[in-house]
Each structure stands twice: as C-alpha cells, then as structure tokens.
Amino acid sequence: MSQKILKVLYMRPKSESLSENRPHNDGSVLFSSPYAAVMANTTQQPLLQTTSHGQTTMPVILPALPAPVGLSLTIVYIVMFSLLFILVYAQLWMIWYYRHKRLSHQTIFLFMCLIWAGLRTSLFSFYFYDCDIANDLPLTLYWLLYSLPVCLQFSMLCLLLHFFAQVRTFVMSL
C-alpha cells in the first residue's frame with residue numbers, strides 16, 4: 001500500500017453534499033467539513049482495514065492503561081471511597097450521640113455523602129472483580145451506580161449554595 005501525503009483543503013462547492021470527500025486534480029483532497037479535514041490529519045491508522053479479498057476488519061482497541069496500573073488504581077479508589085464512607089458514618093453517629101440538630105444542612109449533606117461513597121465503592125468493587133460485568137448491568141443497576149452519584153453531587157452542590165446563601169443573607173442583615 002503506497003503512502004501519499006495529502007494536501008488538506010476545506011472547500012465545499014454548492015453542488016456537493018456535506019458528506020462527500022472527493023479527490024482534486026492536483027492530488028489533494030477536498031473535504032466536506034472542517035471536522036473531516038481535522039480527522040484526516042490526526043488519525044494515524046485507518047479506522048477500517050481492507051484485506052485483499054475485500055473483507056473489512058476492525059482495528060484492535062487497546063486499553064488506555066496497562067492491566068496492573070488499572071488494577072492498582074481500582075484498589076486505591078476502593079480504599080479511598082471506603083475510608084470516606086467510614087468517616088462520614090462516624091460523623092453521623094457523633095451527631096446522633098451528642099444530640100445535635102438532626103435536620104440541618106450538615107446532616108443532609110453527610111447522608112448524601114454517605115450514599116454517594118457507598119455507591120462509588122460498589123461500582124469500583126464491580127470493576128475490581130470483572131470489568132465486563134460492570135459494563136453490562138441491567139438498566140436500574142446501571143442508573144443506580146453510574147447516574148445517581150452524579151445527581152447526588154449536583155444536589156450536594158445545590159445544598160452548599162443554599163447554605164452559603166443563607167449565611168450571606170444572615171451576615172448582610174446584621
């Protein structure tokens with residue numbers, strides 16, 4: 001297979017459709033969009049490789065990190081989220097033991113943090129055992145482990161903003 005250096009030109013004549021990339025008479029290629037031109041310059045290997053018999057094969061996708069590095073990062077995340085879970089759980093027990101106000105910004109934030117840390121620990125423990133199981137979960141478990149923690153993070157941010165807005169209005173009223 002011969003290698004050609006292509007001159008990239010972005011031109012779209014009015015008569016052509018947007019999805020068409022066509023060769024030009026001087027050896028350059030006219031691309032239909034700037035995205036196609038950038039992709040032609042940045043991709044080093046073709047997305048599809050064709051054999052001599054006309055069969056199309058997909059390229060092999062390699063992991064971003066080697067397996068030992070991914071496993072060690074998974075262990076580190078499990079330990080960090082487990083420690084956060086234990087710390088928040090201890091804080092909630094101290095609030096109960098010392099009879100602090102039960103319905104406050106602090107307790108709501110800690111409960112949401114406890115649920116978040118528990119869900120993240122569960123997710124990474126799935127990755128620890130088998131990555132394929134974690135990627136092929138039923139819809140409810142998938143939403144619970146992947147989407148709910150993001151919703152909880154947004155809710156915690158809103159709770160913090162509400163708390164700081166109350167503190168600011170209290171200070172401004174003095």
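Checking each residue in segment 153-174 for being touching a residue at least 40 places away in the same chain (Cβ under 8 Å) and among the hydroxyl-bearing types (Ser, Thr, Tyr) picks out only Ser155. Note on segment 88-123: among residues that are open to solvent by less than 70 Å² (accessible area, probe 1.4 Å) and farther than 23 Å from Val150 by Cα, the one that is nearest to the chain's Cα centre (by Cα) is Ala90.
Residues in segment 146-158 that are of a type outside the set (Phe, Trp, Tyr), over 11 Å from Ile115 (Cα atoms) and either open to solvent by 90 Å² or more (accessible area, probe 1.4 Å) or within 15 Å of the chain's Cα centre (by Cα) (or both): Ser147, Val150, Cys151, Leu157.
Keeping to segment 130-163, report how many residues are among the small types (Gly, Ala, Ser) and farther than 24 Å from Leu71 by Cβ. Summing the residues that are among the small types (Gly, Ala, Ser) and farther than 24 Å from Leu71 by Cβ in segment 130-163 gives 2. Going through (1) in contact (Cβ under 8 Å) with a residue 24 or more places away in the chain; (2) open to solvent by 60 Å² or more (accessible area, probe 1.4 Å) one by one, Phe126 falls short only on (1).
The values are calculated or read from the model by the stated rules, or taken from the named source; none is laboratory data. These figures come from a predicted structure and were not determined experimentally. Positions of Cβ are backbone-derived with ideal geometry, glycine not excepted, and every protein chain shown enters the neighbour counts. SASA here: full protein model, heavy atoms, side chains in, ligands and nucleic acids out. Shrake-Rupley method; radii C 1.70, N 1.55, O 1.52, S 1.80 Å.
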